[in-house]
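Enquirer: Starting off with a structure, shown below.
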Amino acid sequence: MRRTALLNSTISICDFLLPVMVLLACSAAMAQSPTYKVGRTPTAAELHEWDKLVGSDGKELPPGSGSAKEGAPIYAAKCAVCHGKNGEGIPPFRRLVGGIGTLNTPTPKITVGSYAPFATTIWEYINRAMPRLAERTLSPDEVYALTAWVLYKNDIIKETDVLDKNTLLEVQMPNRNGFYPVPPQATPDKDRSWFPYWNQAPGWKPAAK
Amino acid sequence: MNSKKSDRRGFLKGSAALAGLAVGAIPFANGKALAEISPEDSTFIKKQGVTPDEPNIQDLLYGGRSRFEGEVYRVHSPGALALVGLRNLTPLHETMGAITPASLHYTVARGLGLPNIDPREHTLIIHGMVERPLIFTMEELKRLPSVSRVHFLECTGNSGLYHYRQHVMDQKAGRTDQHVITSVHGRTSCSEWTGVPLSLLLKEAGVQKGASWIVAEGGDRERHAKSLQLAKAMDDVIVAYGQNGEAIRREQGYPLRLVVPGFQGVCNVKYVRSIKLVDKPYYFQIETMNYTDLHPDGKAKWYETQVGPKSLITFPSDPHKLPGRGFYEISGIAWAGRGKISRVEVSTDGGRTWKDANLQQPIFSKAWTRFRHPWNWDGAETQIMSRATNEYGNIQPTIMELAKLWGDDRTPPLPATQIVSFWETAEMSTYLNNPIQIWKVNQDGSIQDATYSTLKFYDFHL
């Protein structure tokens, strides 16, 4: 469905995207016949190792669970050194807590609590990239617990609420609707313009083709 | 210990425990992190990349520079940001032509340390919504049809007010090796990149119906991950292993990186290991918490992509001092994320009149274009500046016009004055910054910024 929409819009506006359309069409047409036959089928272990990124639908989330109560000692031991005892942040390391309601003021406080649109974003980043110098050493339970601690400190969930791969998706972040455009731009507008933002030079005319 | 030095060290170490952690974490041979290199260490810096005065044959197997060029080097980023990842800035005021040597290419890394990857162990996996998941070794990738193309890269925060603030704070703390042209604008470089078109690899794997985005993941410490539109991936993205005629440097993603022409730097995933085809963006930390432009009404623009038309006079600029009146060739760089540069105009009278500069040929799409303009300086105080237009007629804005563009992006529109005062008070970065850089030429021949210094900045720590 999405792909049909993409093709229709590009046909109607622009011939510059013809190569893109041809490539997309080829990819479908050639589904059964790779051209070069270089490369091999990955093993299950290879696929598993590189399939840990988590999007907002959470379908890659692993089993496990944790609450803020369980997260507190882990946070104190592994996170507070940069993010401060209560998530206040030690510059240049990020402030995690506070700022809800400040984004439309002259001094917005951008924190995980006030700014992140999805709880999966928090879970995913902790899981992949935290803590610094010991990345990917936390168990899924610990990542759920730390995510819960950050959300609890922001008054988004209760201290005893248990996060798992289902309840994480139910968390309503305060800034869920704070970003635009929705959905994010997936195709260029015309003439390969991905960002139709800039002024046109006065008197400018397109060069003859 | 002189007081300036202790101030500077005090500032850099203001980040408490992690300062020590981060500095210790970047293992450089002499035991120093870049954040610790101070002006007093200039003898250390001057030796870098230089062929000895009496070289052995071995010294010439991989060529070095004349020792008289030893002062041209990448300056580390202002402020404590250098502690959260490698941040080296291209010395734009020393650049010539339109290609940046790989050794001077800027680096903005979000993970700590510098990956050291054995190419024999590096693989790229293509999976997700594909007919056939595939995994390629470096050797296999190099068998496939390749392209070489000249493209700029630019950190999307480049030329932002945030970096100017950091610059001013560093100046106050006694740092003397920073200039606006590097500390504010030095997060861009231009190289010839060689590699396999990503579209070719995706076709080999067979893109399934419904796929509309990819998520790319790197093999660095934090496994930098970025969502990217499939339409762009099928258009002109390169899976690159070569830079300026040799293998990509470690700081640039050795042995393999994405080059996403014209898009913000954060898309160009280094050390790339995995590309998964998906049907929506993944809303990663760097796509939500960072690299989103908060507006004064509390709404933020996300998934910004294409770098706007932009230009910058690199000579003369604020590190330079003109020795006296007379002839000087004004020279600079222009680039755009959309198409080729078609025009650069230069003003030497504070913006009252503009003249077309000469553009260096050939002009490549989404690449630096060098411009040159003859100038006779009469010795009077003046302002010089440049503005670029791309082949679609998009023109580089002044900083006030940029504020108006921000305001017009909201419904109902916000006044430009409100945007500017928000920039002045809000503790945040701004992205895709392309304002006209005005250089003030003083009567004594010294040059200073007259764009960023016109705004008021509040003195808080970022």
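Computed from the coordinates by the stated procedures, all read-outs in this text should not be read as laboratory data. Keep in mind the model is a prediction, meaning the values are calculated, not measured. Every residue, glycine among them, receives a Cβ derived from its backbone with ideal geometry; neighbour counts consider all protein chains shown.
Enquirer: Please arrange B:LYS232, A:LYS37, B:LYS47 by counting, for each residue, the other beta carbons lying within 10 Å of its beta carbon, fewest first.
Expert: Working: B:LYS232 25, A:LYS37 8, B:LYS47 11.
Neighbour counts put them in this order, fewest first: A:LYS37, B:LYS47, B:LYS232.
Enquirer: Points 7 angstrom from Cα along the Cβ direction at B:GLU401 and B:ASN358: gap in nanometres?
Expert: My value for the distance between the label points is 2.6 nm.
Enquirer: Related question: I need to check one value: relative contact order of segment B:119-294, counting alpha carbon pairs closer than 8 Å and at least 6 residues apart, in percent. Let's see the in-between values first.
Expert: Working: 347 pairs, mean separation 49.0, N = 176.
Here the relative contact order equals 28 percent.
Enquirer: Ignoring everything except DSSP H segments at least 4 long, calculate the 222 nm mean residue ellipticity for chain B; use -39,500 (n - 2.57) per segment, divide by total residues, nearest 500.
Expert: Details: 11 runs with 83 residues, N = 462.
Rounded to the nearest 500, it is -4500 deg cm²/dmol.
Enquirer: Moving to a separate point now. Restricting the calculation to Cα positions, tell me the Rg (one decimal) and the Dmax (whole number) of segment B:119-294 in Å.
Expert: Every Cα atom of segment B:119-294 included, Rg and Dmax give 17.5, 59 Å.
Enquirer: If amide H atoms are built 1.01 Å from N in the plane of the peptide, which residues on other chains or at least 5 residues away come under 5 Å of the amide H of B:VAL130?
Expert: Here B:GLN208 satisfy the definition.
Enquirer: Still on this structure: For the protein assembly as shown, just say rounded, prolate or oblate: build the C-alpha gyration tensor, square-root its eigenvalues into a ≥ b ≥ c, call rounded for a/c under 1.5, and beyond that prolate if a/b exceeds b/c, oblate if not.
Expert: rounded
Enquirer: Taking each residue in A:119-129, count the Cβ atoms of any other chain within 10 Å of its Cβ, then average. What number comes out? Kindly include the intermediate steps, with their values, before the conclusion.
Expert: Numbers: counts 0, 3, 8, 3, 0, 5, 7, 1, 0, 7, 11.
Average per residue, whole number: 4.
Enquirer: Please compute the contact order of segment B:141-222 in relative form: average sequence separation of alpha-carbon pairs under 8 Å and at least six residues apart, divided by the residue count, as a percent.
Expert: Values: 60 pairs, mean separation 35.6, N = 82.
About 43 percent, as a whole number.
Enquirer: Could you size up the charge dipole of segment B:187-326 around its Cα centre, putting +1 on the beta carbon of Lys and Arg and -1 on that of Asp and Glu, and report it in debye to the nearest 20?
Expert: Values: 19 positive and 15 negative charges, 30 e Å.
The dipole magnitude comes to about 140 debye.
Enquirer: Evaluate the distance, in nm, between pseudo-label points positioned 7 Å from the Cα of A:ARG40 and of B:TYR62 along their respective Cα→Cβ axes.
Expert: 3.1
Enquirer: Separate question: Can you pull out the GluC sites (Glu not before Pro) in segment B:380-421 that DSSP calls coil and that have at most 10 other Cβ atoms within 10 Å?
Expert: Sparse-neighbourhood loop GluC sites (Glu not before Pro): B:GLU381.
Enquirer: For A:VAL162, what charge total do you get from the other residues with a beta carbon under 15 Å from its beta carbon, if Lys and Arg give +1 and Asp and Glu give -1?
Expert: Numbers: positive: A:LYS69, A:LYS158, A:LYS165; negative: A:GLU70, A:ASP141, A:GLU142, A:GLU159, A:ASP161, A:ASP164, A:GLU170.
With Lys, Arg at +1 and Asp, Glu at -1, the neighbours total -4.
Enquirer: Could you derive backbone 3J(HN,Hα) for segment B:68-73 from the dihedral phi with the Karplus parameters 6.51, -1.76 and 1.60 (θ = phi - 60°), listing whole Hz in sequence and x where the residue is Gly or Pro?
Expert: In residue order, the calculated couplings are 6, 9, x, 8, 8, 8 Hz.
Enquirer: While we're on this one: Stokes-Einstein diffusion coefficient for segment B:279-410 at 37 °C in a medium of 0.692 mPa s, Rh from the Kirkwood formula over Cα pairs: what value in µm²/s? Walk me through the intermediate numbers first.
Expert: Numbers: Rh = 16.9 Å.
Result for D is 194 µm²/s.
Enquirer: By count of other Cβ within 10 Å, fewest leading, how are A:ILE90, B:ILE341 ordered?
Expert: Values: A:ILE90 20, B:ILE341 27.
Lowest count first: A:ILE90, B:ILE341.
Enquirer: Let me ask something additional. Looking at the square roots a ≥ b ≥ c of the eigenvalues of the Cα gyration tensor of chain B, which shape do they give, rounded for a/c under 1.5, prolate if a/b is larger than b/c, or oblate?
Expert: Working: a/c = 1.40, a/b = 1.21, b/c = 1.15.
Rounded.
Enquirer: Could you order peptides B:289-296, B:432-439, B:95-102 by the average number of other Cβ atoms within 10 Å of their residues, highest first? Each step should come with its number before you reach the end.
Expert: On the way: B:289-296: 21.0, B:432-439: 24.2, B:95-102: 17.6.
By packing density, highest mean first, the sequence is B:432-439, B:289-296, B:95-102.
Enquirer: Additional query: In whole Hz and in residue order, list the ³J(HN,Hα) couplings for segment A:33-48 that follow from phi through the Karplus curve 6.51 cos²θ - 1.76 cosθ + 1.60, θ = phi - 60°; x for Gly and Pro.
Expert: 9, x, 7, 9, 6, 9, x, 10, 6, x, 6, 4, 5, 5, 4, 5
Enquirer: Rounded to the nearest 20 debye, what is the charge dipole size of the protein assembly as shown about its Cα centre when +1 sits on each Lys and Arg Cβ and -1 on each Asp and Glu Cβ? Numbers along the way, then the final one.
Expert: Working: 76 positive and 67 negative charges, 68 e Å.
In total the dipole reaches around 320 debye.
Enquirer: Along the charge dipole of chain B, Cβ charges K/R +1 and D/E -1, which of B:SER347, B:THR288, B:ILE135 sits furthest on the positive end?
Expert: B:ILE135
Enquirer: Can you work out the Karplus-derived ³J(HN,Hα) for every residue in segment B:106-111? Use 6.51 cos²θ - 1.76 cosθ + 1.60 with θ = phi - 60°, whole Hz, and x for glycine or proline.
Expert: 5, 9, 10, 10, 8, x
Enquirer: Which trypsin sites (Lys or Arg not before Pro) from segment B:262-368 combine a DSSP loop assignment with at most 10 other Cβ atoms within 10 Å? Please report the intermediate quantities before stating the final value.
Expert: Numbers: sites: B:LYS270, B:ARG273, B:LYS276, B:LYS299, B:LYS301, B:LYS310, B:LYS321, B:ARG325, B:ARG338, B:LYS340, B:ARG343, B:ARG352, B:LYS355, B:LYS366; in loops: B:LYS299, B:ARG325, B:ARG338, B:LYS340, B:ARG352, B:LYS366.
Those satisfying the criteria are B:ARG352.
Enquirer: Once R0 is set to 45 Å, what does the formula 1/(1 + (r/R0)^6) return for the Cβ-Cβ distance between A:GLU159 and B:SER421, expressed as a FRET efficiency to the nearest 0.05? The partial results should precede the final answer.
Expert: Details: r = 40 Å, r/R0 = 0.88.
So, using R0 = 45 Å, E works out to roughly 0.70.
Enquirer: Multiply the residue gap between A:SER33 and A:ASP57 by 0.36 nm, knock off their C-alpha separation, and tell me the result in nm, one decimal place.
Expert: On the way: separation 24, 0.36 × 24 = 8.64 nm, distance 3.19 nm.
Stretched out fully, the A:SER33 to A:ASP57 stretch lengthens by 5.4 nm.
Enquirer: Given the options B:LEU455, B:GLY407, B:HIS224, identify the residue whose Cα lies farthest towards the positive end of the charge dipole of chain B (+1 on Cβ of Lys, Arg; -1 on Cβ of Asp, Glu).
Expert: Comparing the listed Cα positions along the dipole, B:HIS224 ranks first.
Enquirer: Based on alpha-carbon atoms only, what is the radius of gyration of segment A:20-150 relative to the globular estimate 2.2 N^0.38 Å?
Expert: Numbers: Rg = 20.0 Å, N = 131, 2.2 N^0.38 = 14.0 Å.
Relative to the 2.2 N^0.38 Å estimate, segment A:20-150 comes out at 1.43.
Enquirer: Among B:LEU312, B:GLY445, B:ALA367, which residue has its Cα positioned farthest towards the positive end of the charge dipole of chain B, with +1 placed on the Cβ of Lys and Arg, -1 on the Cβ of Asp and Glu, and the dipole taken about the Cα centre?
Expert: Result: B:ALA367.
Enquirer: Where the only charges are on Cβ atoms (+1 Lys, Arg; -1 Asp, Glu), what is the dipole of chain B about its Cα centre, to the nearest 20 debye?
Expert: Working: 53 positive and 48 negative charges, 105 e Å.
The dipole of chain B has a size of about 500 debye.
Enquirer: Still on this model: Taking a label point 7 Å from the Cα of A:ASN104 along the Cα→Cβ vector, which residues of segment B:413-454 have an amide N closer than 15 Å to it?
Expert: In segment B:413-454, the label zone of A:ASN104 (backbone N under 15 Å from the point 7 Å along Cα→Cβ) covers B:413-415.
Enquirer: Post the alpha-carbon centroid distance, segment B:315-363 to segment B:201-269, in whole angstrom.
Expert: 32
Enquirer: Counting only other chains, what is the mean number of Cβ atoms within 10 angstrom of the Cβ of each residue in peptide B:275-286? Before the final figure, lay out the partial values.
Expert: Numbers: counts 1, 6, 0, 4, 6, 7, 6, 10, 11, 9, 11, 3.
Per residue, the number of nearby Cβ atoms from other chains is 6 on average.
Enquirer: Let me ask another. Out of residues 5 or more away from B:GLY64 or on other chains, whose amide H comes under 5 Å of its own, with H placed 1.01 Å from N in the peptide plane?
Expert: Residues meeting the criterion, in which the H sits 1.01 Å from N, are B:THR51.
Enquirer: 5 Å is the cut-off here: which amide hydrogens, built 1.01 Å from N in the peptide plane, fall below it relative to B:ARG273, excluding neighbours closer than 5 in sequence?
Expert: Here B:GLU217, B:GLY218, B:GLY219 satisfy the definition.
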